[in-house]
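Written below as structure tokens is the structure these notes are about.
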Amino acid sequence: MNDVRRDDPLAPTVVRASAGTGKTYQLTARLLRVLFQGAEPDSVLATTFTRKAAGEILDRLLVALADAADEANPESLRALSRQVGIPNLRREACVALLRRLIGQIHRLRVSTLDSLFSQLARALPFELALPPAWRLTDEIEEAWLTERAVEEVIRGLRPTEMTTLLAMLGKGEVRRSIARELISVIAGTYARQRQCDDDVWDRLPVPKRPDDADVNRVAGHFFQAELPQKSLNKKLHGLAEALERRDFSSLPEDTLVANVAKARRSGEPVKYGQSKFPPAFDDDFDVLYRVARHETLSLLRAQNLATGTLLQTYHRHATRLKDSLRTLGFDDIAARLADHVTSQDPDAFRSRLDTDITHVLLDEFQDTSPIQWQVLRPFAIHAAGRGEPGRDAEREPAATRSFFCVGDTKQAIYGWRGGVAEIFDAVAEQLDGIETREQNTSFRSSPAVIGFVNDVFRNLTRHPIASSGSGAPDDKATHEADAVRRFANRFPEHRAHHDTLPGYVLFETAKAGGKGRDEEQAATLEAAAERIAEIHRQAPDRSIGVLTRTNRCVARLIFLLDSRGLPVSQEGGNPLTDSAAVEVVLSALMLSEHPGDGRWKYHVASTPLAEAFDLGDDDPPSRAAAQIRRQIDEVGLTETVESLASRLAPICDDRDTERLRQLVQLAMGYEPNATPRVRDFVRLVRDKRVERPRAVPIRVMTVHQAKGLEFDAVVLPELDASLVRGGGGGSVADVRRLGDPPQAMSRYLTNRAWHFLPMPWQHAFGKQAADAVTESLCLLYVALTRARYGLYLIIPPARKSEFATRTPASLIFHALATPADPTRQQAELYATGTPDWPDRLDPARPPKSPPAADRRRPDTTR
């Protein structure tokens, strides 16, 4: 690897930036430096993950230049000079660059990955075999297309084939809902295997089963067993009967079989309960274990093969359907681009663009997926200034190219959609001359919040989960414990830049809500609502973020806060069906398509629309349905929706009137690509989230939605859920080199059966378990670091004083080593800082971005 060019301000750089330390500031500074040094706008590529973040980068760029160009604002010029690291920056240079950017703003690529990949795809329509006049789908349309493709799969199979396929997919169990089962398999596996070889699901070796003579011999020995312990004899006789009948299905889950595996690993005698078997049975147990192992792996292999068959069939139908509709999803574009990049000369790939991209800046890189990195890697290698090995290494001076990447692996919370945080670590390995920096000084949070974050994550190993597990690779708890210890050991100490900023952290219990989980959660949410109301009364002009794990909890909290008259909204909005008026319009549309369904007639007949369609109690619904349908055919869906809405608007309040207006706008956007079925539009309305146009101080959202946001106070009311949700995921991938497609894939296997797997697969399954724990810790880190001043954690009382549950609440409790009793109701478990922080704040809030002089270069930690 080449030496790092520490004297080069545009040296290839990776910045590991903790929460609130100024990732956007650093990226904007680098971008301005590149442009000040003469780079053409169209030679720059800056990517991030949301439109909002891309807009913020562009806004900061233009505002900083405009402020520096203002003769009445000399401090802005000095601040910009310090930010970009150019001494004696002249005002004329800022004016000239501002004019150049405004004139060429359309050529400056500051965009999301979705937008970039769409641009690349439009430059390579023939190479990627794209349908003419194609368009991108959104998540809702993508789900609808998946269902349509699954319907095609089901129609294409004979009943016997479908039964066999479902039995293989479900390990012998046939589910009730065929479509739901197939969609579940596709959702958990399809995206991960799109670039793999056709036989990727046939890479699990299955050992040969012992022959019948050996099985009969073992069954005979077990039948003849006469041991002093009756429990051992009974167990052996039961196994003998199963072996004799060739009923091997129960063996993989048998406790004695698992004990055989433990004994072989430890070298100790085989046990059953507290009793030990004599060594005379060792050979018989080995045969028994081989039978159980063959049964387990052969069943898993059959499930894998069925999955591969399903995905290939689904891919054909989905591709044909999307081609006919001339639509593509973002994953479709990324997969085609990645295939093209890996099979073509990177120079030829870049030459199809309007210009040569020589400056690459990547934001939030920890959320990048392997397939996305495959597309970005040629640009990154080219921009790093070294060229590819053996080619154009010194063709240009280093200053004409630059590479900058910023992110935080502690905030990698999008593994469920393909993000792989380890790719951040791979950049330094795959690009030459990378300089790595760390910045851990928060310009967002108060010392009270930052101290709490340090105490929690640097002491995670105090929880029993960190010392659990046997140490064996087939033990899931071992991998999870490794993940907790690794996160704690690698966690850097955070510092607060505003060391006099007031702040407060409170960790408390709610009232006991009952024995059930729902009752506990209801009591905790009530306590959270009261706490939020108290904070709002204390600081009505301060922002409050209420962060949850699940959307279900979001809806319940909004109801509780709304009922208290508090100004609250949901991040990303709600479906328009939160308006009764919208529901009436949707019922009228459904009536036009299903006049025989009495639900729609009953609903519409009780509203002002009944008079418009002569829909009384005795009137047949078919006449009103025909009238609405005729109107849709003659004037279109949008005008029909607008007509229905106009009849309801006079009796609606401002909120419902606004939602009706948004319904019309949604119809306008839907109609150009509308399907013949009205119910597809109704489904869109029920699924799509639309924000109400109002700014309120209290916002409720999931932690995922809070990524990139900050609030004066944060309330966390859902910390008692399991640390890792769900099983092990739909599939497990065996990836040999980071960033490459999987070499092999398998469906998930319960942890009790991991000991049957070959050693490489045990490590693959274990890595997935560890990754799930790490992502949960990242989610907790994101939640705790959104607060500027106040952080409030509310949990139900623990059921036992040791509080050793596998939940974020328990992790925090043990990390703090608080002597408080977690089983007490409405108890303060931990508090630090000043509860009256709103009164201690200056009328002018501290700046969100620190003075440029303090952030000229990030912290460096070795």
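Expressed as a whole number of Å, what is the distance separating the alpha-carbon centroids of the stretch 735-773 and the stretch 457-513? After rounding, the separation between the Cα centres reads 24 Å. Remark: the chain carries a charge dipole of roughly 1100 debye about the Cα centre, counting +1 on each Lys and Arg Cβ and -1 on each Asp and Glu Cβ.
Using 0.36 nm per residue and subtracting the Cα-Cα separation, the extra length available between E530 and D614 on full extension is 25.4 nm. The phi torsions of the stretch 674-689, fed into the Karplus equation with coefficients 6.51, -1.76 and 1.60 and a -60° offset, translate into couplings of 5, 8, x, 8, 5, 5, 5, 5, 4, 5, 4, 4, 6, 9, 6, 8 Hz, rounded to whole numbers, with Gly and Pro shown as x. Ligands, DNA and RNA are left out, and with a 1.4 angstrom probe the accessible area of the chain is 45 Å² per residue. Over the Cα atoms of the stretch 444-491, the radius of gyration divided by the Kirkwood radius equals 1.15; this is the Rg/Rh ratio.
Around the Cα centre of the stretch 274-317, unit charges on the Cβ atoms of Lys, Arg, Asp and Glu (plus for the first two, minus for the last two) sum to a dipole of about 360 debye. Percent relative contact order of the chain, based on C-alpha pairs within less than 8 angstrom and at least six residues apart? Computed value for the chain: 19 percent relative contact order. A straight Cα-to-Cα reach below 13 Å connects K276 with the aspartates and glutamates E268, residues fewer than 8 places away in its own chain not being considered. Of the three principal axes defined by the Cα atoms of the stretch 108-167, the extents in descending order read 57, 24, 19 Å.
Extending 7 Å from Cα along the Cβ direction at Q37 and again at M668 yields two label points whose distance is 4.6 nm.
In loop segments of the stretch 461-504 as defined by DSSP, there are no trypsin sites (Lys or Arg not before Pro) with at most 11 further C-beta atoms inside 10 Å of their C-beta. Rounded to 0.05, the FRET efficiency of the R490 and R824 pair, given R0 = 51 Å and the Cβ-Cβ distance, is 0.90.
Stretched out straight at 0.36 nm per residue, the stretch from R158 to D455 would grow longer than its current Cα-Cα span by 100.9 nm.
The trypsin sites (Lys or Arg not before Pro) of the stretch 754-839 meeting both criteria, a DSSP state outside H, G, I, E and B (loop) and at most 10 other C-beta atoms within 10 angstrom of the site's C-beta, are K800. For the pair R752 and D518, a Förster radius of 30 Å applied to the C-beta separation gives a FRET efficiency near 0.55, rounded to the nearest 0.05. Per residue, the convex hull spanned by the alpha carbons of the stretch 180-256 comes to 150 Å³. Projected onto the charge dipole of the chain (+1 at Lys/Arg Cβ, -1 at Asp/Glu Cβ, origin at the Cα centre), which of L310, H237, I794 gives the Cα projection farthest towards the positive end? Farthest towards the positive end: H237. Accessible area per residue was computed with a 1.4 Å probe on protein heavy atoms; Y830 scores about 40 Å². Taking 25 °C and 0.890 mPa s as conditions, the chain diffuses translationally at an estimated 79 µm²/s according to Stokes-Einstein applied to its Kirkwood radius (Cα pairs). Radius of gyration (Cα atoms) of the stretch 69-210, expressed as a multiple of 2.2 N^0.38 Å: 1.92.
Put a dot 7 Å past the Cα of V696, heading toward its Cβ, do the same for H221, and the two dots end up 7.1 nm apart. Among the trypsin sites (Lys or Arg not before Pro) within the stretch 36-111, those in coil by DSSP and having at most 15 neighbouring Cβ atoms inside 10 Å are R90. Counting only heavy atoms of the protein chains and using a 1.4 Å probe, W144 has close to 30 Å² of accessible surface. Residues E364, E92, ordered by accessible area of protein heavy atoms at a 1.4 angstrom probe radius and largest first, appear as E92, E364. Equivalent ellipsoid of the stretch 256-385: semi-axes from √(5λ) of the C-alpha gyration tensor, largest first, are 53, 23, 12 Å. For the residues R180, R265, a 1.4 Å probe over the protein chains yields an accessible-area ranking, largest first, of R180, R265. Dividing the summed helix terms, -39500 (n - 2.57) for each DSSP H run of n ≥ 4, by the number of residues in the chain produces a 222 nm estimate of -15500 deg cm²/dmol to the nearest 500. For the stretch 80-142, the orientation-averaged shadow of the C-alpha convex hull comes to 7.4 nm² (one quarter of the hull surface). A 30 angstrom limit on the alpha carbon distance is what I want to check against. Which of K511/K767; K234/K767; K410/K515; K322/K688 exceed it? Listed pairs above 30 Å: K511/K767; K234/K767; K410/K515. Relative contact order of the stretch 498-561: 25 percent, from C-alpha pairs under 8 Å at least 6 residues apart in sequence. The modelled label-to-label distance for the pair D8/E241, using points 7 Å beyond Cα in the direction of Cβ, is 7.6 nm. Here the stretch 574-708 yields Rg over Rh of 1.01, to two decimals, using C-alpha coordinates and the Kirkwood radius. In the assembled protein chains, H340 presents an accessible area of approximately 20 Å² (probe radius 1.4 Å). Subtracting the Cα-Cα distance of H763 and E56 from 0.36 nm times their residue separation leaves 250.4 nm of extension gain.
All other residues whose Cβ lies under 15 angstrom from that of Q826 are scored, Lys and Arg at +1 and Asp and Glu at -1, for a net of -4. The simple Förster model, with R0 at 22 Å and r as the Cβ-Cβ distance, assigns E151 and H594 a FRET efficiency of 0.70. Computed in the context of the full set of protein chains, the accessible area of the chain at 1.4 Å probe radius has 49% of its extent on carbon or sulfur.
The values are calculated or read from the model by the stated rules, or taken from the named source; none is laboratory data. These numbers come from a predicted model, not from an experiment. Counting neighbours? That spans all protein chains shown, and the Cβs are built from the backbone with ideal geometry, glycine included. For accessibility, only protein heavy atoms count, side chains too; no ligands or nucleic acids. Shrake-Rupley method; radii C 1.70, N 1.55, O 1.52, S 1.80 Å.
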